[in-house]
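Reviewing the structure listed below.
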Amino acid sequence: MAPVQEQDKQLVVGLAPTAADQLARMCNADEPLWVRQRGAEVMALEEHARMFRCEILLASMNYQGTSM
């Protein structure tokens, strides 16, 4: 595994608060974010995209990541 670049570390540190906020909101959400399919609760991806429209993308717009 390649070492983590400094700019990648900065991206993760910058995105962590947004990701933690989204996780908390998802855990507290009812329908329509979570729907029952085949006896299990699953995330409705379209609703997730609407609820959190590009928050992580917007938070990372200044990121100039390394190529893989």
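The values are calculated or read from the model by the stated rules, or taken from the named source; none is laboratory data. Small disclaimer: the values here were computed from a predicted structure and weren't measured. When we count neighbours, we look across all protein chains shown, and the Cβ atoms used for this are built from the backbone with ideal geometry, even at glycine.
Looking at (1) of a type outside the set (D, E); (2) under 14 Å from the mean Cα position of the chain (by Cα); (3) exposed (fewer than 14 other Cβ atoms within 10 Å of the Cβ); (4) modelled with pLDDT of 80 or more, can you tell me which one L11 breaks?
Among (1) of a type outside the set (D, E); (2) under 14 Å from the mean Cα position of the chain (by Cα); (3) exposed (fewer than 14 other Cβ atoms within 10 Å of the Cβ); (4) modelled with pLDDT of 80 or more, the lone unmet condition for L11 is (3).
Which pairs have Cβ atoms under 6 Å, sit 6 or more apart or on different chains, and link a residue in segment 25-40 that is under 13 Å from M51 (Cα atoms) to one that is among the acidic types (D, E) and not in a helix (DSSP H, G or I)?
W34/E41
Can you give me the number of residues within segment 1-31 that are farther than 17 Å from M43 by Cα and not in a helix (DSSP H, G or I)?
Number satisfying all stated conditions: 5.
Just to verify a result, which residue in segment 32-68, among those that are over 18 Å from T18 (Cβ atoms) and modelled with pLDDT under 70, is surrounded by the most Cβ atoms within 10 Å (Cβ to Cβ)?
Residue satisfying both the conditions and the ranking: T66.
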